[in-house]
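Worksheet for the structure shown next.
Readers should treat all values here as calculations from the given coordinates under stated rules, not as data from a laboratory. These numbers come from a predicted model, not from an experiment. Cβ sites come from the backbone with ideal geometry, for glycine too, and all protein chains shown count toward neighbours.
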Protein chains: 4
Amino acid sequence: MKNAPQDYRSLLDALARCVAACEYCADACLHEDNVQMMVPCIRLDRDCADICRLTAAFIARGSDHAKHIIKECIEICQKCADECGKHQHDHCQQCAQACRECLDACRAYNG
Amino acid sequence: MKNAPQDYRSLLDALARCVAACEYCADACLHEDNVQMMVPCIRLDRDCADICRLTAAFIARGSDHAKHIIKECIEICQKCADECGKHQHDHCQQCAQACRECLDACRAYNG
Amino acid sequence: MKNAPQDYRSLLDALARCVAACEYCADACLHEDNVQMMVPCIRLDRDCADICRLTAAFIARGSDHAKHIIKECIEICQKCADECGKHQHDHCQQCAQACRECLDACRAYNG
Amino acid sequence: MKNAPQDYRSLLDALARCVAACEYCADACLHEDNVQMMVPCIRLDRDCADICRLTAAFIARGSDHAKHIIKECIEICQKCADECGKHQHDHCQQCAQACRECLDACRAYNG
């Protein structure tokens, strides 16, 4: 029998918090004065939220494809953390942090 | 300025845990001996996971439509909690509990 | 027995084309010179893509909740069509058109 | 400038039809007498619907990550086509066909 969600609680929480941070950051970037400079951040936020949502679903239901998807999740989280980390807005710094925590949790899962 | 994810931390966590519990329960039901009896549970689990994911996205990004969507979320969580609550499998009982906690968090948000 | 996807082919196609038009428009708006003026359009595009994706899933699998969700879908499509329709960019005009076609297909479904 | 949805119309349509066929097949399998035998089909249908939805979003918005995600999409579509193809139910045969058409469209895109 595959593991229950509570066995992956820290990973699933990290993915969900990354989704929320990315959704929020993408929207908050739209309201910044320098929105044109934030475009790469907005685009990565969107991809990152989507791949984290998919990864969480696959892990929660014990999909055979979780191991593959999580690799792409790690890659997109890394890019999003790097891009958000360049900007001083609170939402960007918080998003970069959420991406890094998600990344670490994904790596721990994939051994 | 709309609120940051940490201001909705308990609601977003409740939604994410409901998603995970529903994804897990839907899959675990497929492996039960009485799978035919679990069909309504599986179908509600799937709808509930989907609406909770959408609701979490709308809330995290401060969508104007969050207030409407959360009403449908409450309704589906209620139905899913009622159906899962009928079954004694651990995954069903845990899912019913996650749905109820999500429901309460959604109601608190909507005032 | 519920209907097969081919029975809803025109509705499902309209929903999928609305998703694609909204995803494209949201991204294309980010690259316009007047991006600040496009913010309401980007935000509606995102909500519209998400609700159309959910609606398509519920209809394809014959969910009991399709009838409710499609009402919210109609409302968001209408708002997105109105907002996109204000802008002369090709992607906005095409998105407004896709939203209106989706809206009509949803209304036909809901009787 | 990236391409508009109409430039990928056949790929986006193939992805959307695969999503619909998988959603429908997963649900229809639950109502078959031999539901226990259909479990691998249901599980693959769900993963396939999810990855096709994500792939369609990434392609429609011109994401830099579309090329990677589409590889995983091809792999899951292939597995789903193989599994559905084993079963004689109409919904399984139609889903296998939709997966194969999606697969071909994805391969054509990725060159």
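Among the residues of segment C:12-27, are any part of a loop (DSSP other than H, G, I, E, B) and farther than 14 Å from residue C:76 by Cβ? No, segment C:12-27 contains no residue that is part of a loop (DSSP other than H, G, I, E, B) and farther than 14 Å from residue C:76 by Cβ. With respect to (1) farther than 21 Å from residue B:23 by Cβ; (2) within 7 Å of another protein chain (Cβ to nearest Cβ), the lone exception for residue D:26 is condition (1). Does residue B:21 qualify as being under 30 Å from residue A:91 (Cβ atoms), facing another protein chain (nearest Cβ under 7 Å) and over 12 Å from the mean Cα position of the chain (by Cα)? Criteria not met by residue B:21. Taking segment C:7-35 as the range and being within 21 Å of residue B:58 (Cα to Cα) and not small (Gly, Ala, Ser) as the test, the residues that pass are C:15, C:18, C:19, C:22, C:23, C:24, C:25, C:27, C:29, C:30. Here residue C:50 meets the list (1) more than 12 Å from chain D (Cβ to nearest Cβ); (2) surrounded by 17 or more Cβ atoms within 10 Å (Cβ to Cβ) almost entirely, failing just condition (1). For segment B:31-41, the set of residues classified as in a helix (DSSP H, G or I) and either surrounded by fewer than 24 Cβ atoms within 10 Å (Cβ to Cβ) or charged (D, E, K, R) (or both) consists of B:35, B:36, B:37, B:39, B:40, listed by residue number.
Every condition in (1) away from chain B (no Cβ under 14 Å); (2) over 12 Å from the mean Cα position of the chain (by Cα) holds for residue A:79 except the one numbered (2).
Residue-level analysis places residue B:34 among those that are out of contact with any Cys (no Cβ under 6 Å at 6 or more places or on another chain), polar (S, T, N, Q) and either within 14 Å of chain A (Cβ to nearest Cβ) or without any contact (Cβ under 8 Å) to a residue 12 or more places away in the chain (or both). Suppose we keep only residues that are within 24 Å of residue B:43 (Cβ to Cβ) and of a type in the set (Asp, Glu) within segment C:53-92. Which one would you say is surrounded by the fewest Cβ atoms within 10 Å (Cβ to Cβ)? Checked segment C:53-92; the qualifying residue surrounded by the fewest Cβ atoms within 10 Å (Cβ to Cβ) is C:64. Put simply, of D:98, D:81, D:108 the only residue that is of a type in the set (A, V, I, L, M), part of a helix (DSSP H, G or I) and free of Cβ contacts under 8 Å to residues at least 40 places away in the same chain is D:81. Taken as a whole, the structure places residue B:24 among residues that are hydroxyl-bearing (Ser, Thr, Tyr) and under 22 Å from residue A:7 (Cβ atoms). Residues that are more than 8 Å from chain A (Cβ to nearest Cβ) and under 12 Å from the mean Cα position of the chain (by Cα) were ranked within segment B:1-14; the one that is surrounded by the fewest Cβ atoms within 10 Å (Cβ to Cβ) is B:11. Filtered by the rule that a residue be assigned to a helix (DSSP H, G or I) and not aliphatic (A, V, I, L, M), segment D:54-78 gives D:55, D:58, D:67, D:68, D:71, D:72, D:73, D:75, D:77, D:78.
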